[in-house]
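K.L.:
Here it is, the structure in full.
The values are calculated or read from the model by the stated rules, or taken from the named source; none is laboratory data. Nothing here was measured: the structure is a model prediction, and the numbers come from that model. Cβ: placed from backbone, ideal geometry, glycine included. Neighbour counts: every protein chain shown.
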Amino acid sequence: MSSDAHKQRTILHGDLDAFYASVAQRDAPELRGRPVAIAFGSTRGVVSSCSYEARAFGVRSAMPLYQAQALCPDLAVVPSDFAAYHEASAAIHELFRAVTPLIEPIALDEAYLDVSHVAADIEQGVVLARRFKEQVRARTGLTLSLGVASNKLCAKIASGRGKPDGLLAVPAGGEAAFLASLPASKIGGIGPKTNARLAAIGILTIGQIAALDEAQAGELFGNWGPTLREMAQGRDHRPVVAERESKSISNETTLGHDLAAANLPAVAPLLREQAEAVALHLEREGLLTKCVGMKVRTRDFQIHGRQRTLLAATASGEIIYKAAMWCYRRWLAEAEQAGRRLPTVRLLGVRASSLLPSDEPRQLSLFG
């Protein structure tokens, strides 16, 4: 894609503010203004989401619940309500689809939109973003933060910097200047390990990555070097990939801080919540799954996955959870058997694939 074509794009990144906790506060007026954590299970569980009032006390997602309660004794702990989350997400996507078919969902509370065909420049994109914010608040009672830019990287960073309830636009041609002073870790894929390696040689900002020549970028980042350098210079040509017919359904959580891989009491509630979210999505689409997968991204940004074929197709959250947990334990055991040092986890995900219509006749498999 040419540079000119790139500049003509108008990309929005929308991200609902503290989504799970905000839904809880919306539906229970007595929780409004209070520190709230969404958590599954007992005090051995972990926080899956928390309100901004809780974050002021240092509470974060993936934090053990007992630790969160120690930081914030008045913390209100609320169970997940995935039916309410899906209802709100569906309503918001309906608003988006009335404007553009080019919607790339990232999670229930996050999506990219390519609105170039109705917003010829960033200024028109801002007008559209303001309308979305008003419509989302009126329709769901929730706040949506939006970033507007000519590419996905800048739009996502802009929406995050504007939180909560923000709207931040990056002027066309100003992408490199917008990124220059930001920490290098703001580019997805630069995790703590790579960030520390860069800091050791004095590279702290995106602008410093942009200033590398091709040889230096290749030496530091390998095959990814040229692409990373180009993104740091404000050029990101990745398209917004519209949602297509479901070949798989997944739910992922990027943890607020690293989690020890062997900490099963913390991992299990997260996988269970994700399994329940996947199950609800299957039910709403009238689908069943015959294969469940588990995804892990470790601190060094390595992706690991395992999957298991089920004896019978299902939309049961409990069965999906047990299969995902089996996959996780298998991955953990393989790492231990290989004598590798157990990593820390940055992201967890559950995926359902080999999907079938729920009304289709099925035969039990002898193998699973």
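K.L.:
Would you say GLY166 is surrounded by fewer than 20 Cβ atoms within 10 Å (Cβ to Cβ), without any contact (Cβ under 8 Å) to a residue 40 or more places away in the chain and not assigned by TED's automatic domain parsing to the domain that holds THR254?
P.N.:
On the way: surrounded by fewer than 20 Cβ atoms within 10 Å (Cβ to Cβ): yes; without any contact (Cβ under 8 Å) to a residue 40 or more places away in the chain: yes; not assigned by TED's automatic domain parsing to the domain that holds THR254: yes.
Spelling it out, GLY166 is indeed surrounded by fewer than 20 Cβ atoms within 10 Å (Cβ to Cβ), without any contact (Cβ under 8 Å) to a residue 40 or more places away in the chain and not assigned by TED's automatic domain parsing to the domain that holds THR254.
K.L.:
While we're here: Is there a residue in the stretch 66-86 that is in contact with a Ser or Thr (Cβ under 8 Å, 6 or more places away or on another chain), under 29 Å from ASN263 (Cα atoms) and either surrounded by 21 or more Cβ atoms within 10 Å (Cβ to Cβ) or at pLDDT 95 or above (or both)?
P.N.:
no
K.L.:
Could you list, in sequence order, the residues of the stretch 285-303 that are at pLDDT below 90 and in contact with a helix residue (DSSP H, G or I) (Cβ under 9 Å, 6 or more places away or on another chain)? Break it down stepwise before answering.
P.N.:
Quick first cut of the stretch 285-303, residues at pLDDT below 90 only: 285-287, 297-303.
If the condition is that a residue be at pLDDT below 90 and in contact with a helix residue (DSSP H, G or I) (Cβ under 9 Å, 6 or more places away or on another chain), then LEU287, ARG299, ASP300, PHE301 are the ones that fit.
K.L.:
Out of THR205, THR314, THR254, THR309, report the one residue that is in the same structural domain as ALA352 (by TED's automatic domain parsing) and closer than 30 Å to ALA18 by Cβ.
P.N.:
Numbers: THR205 fails: in the same structural domain as ALA352 (by TED's automatic domain parsing); THR314 fails: closer than 30 Å to ALA18 by Cβ; THR309 fails: closer than 30 Å to ALA18 by Cβ.
Just one listed residue meets the conditions, THR254.
K.L.:
Restricting attention to the stretch 309-330, which residues are surrounded by fewer than 16 Cβ atoms within 10 Å (Cβ to Cβ) and farther than 16 Å from ARG272 by Cα?
P.N.:
Correct list: THR309, LEU311, ALA312, ARG330.
K.L.:
For the stretch 38-55, what are the residues that are of a type outside the set (Ser, Thr, Tyr), at pLDDT 95 or above and surrounded by 24 or more Cβ atoms within 10 Å (Cβ to Cβ)? First the steps, then the outcome.
P.N.:
We begin by selecting, within the stretch 38-55, every residue of a type outside the set (Ser, Thr, Tyr); these are 38-41, 44-47, 50, 53-55.
Restricting the remaining residues to those that are at pLDDT 95 or above gives 53-55.
Of everything in the stretch 38-55, just one residue is of a type outside the set (Ser, Thr, Tyr), at pLDDT 95 or above and surrounded by 24 or more Cβ atoms within 10 Å (Cβ to Cβ), namely ALA54.
K.L.:
Condition (residue is at negative phi, under 18 Å from the mean Cα position of the chain (by Cα) and of a type in the set (Val, Ile, Thr)) applied to the stretch 121-139: is it met by at least one residue? Before the answer, list the steps.
P.N.:
Within the stretch 121-139, the subset at negative phi is 121-139.
Next cut, under 18 Å from the mean Cα position of the chain (by Cα) only: none.
Checking the stretch 121-139: not a single residue is at negative phi, under 18 Å from the mean Cα position of the chain (by Cα) and of a type in the set (Val, Ile, Thr).
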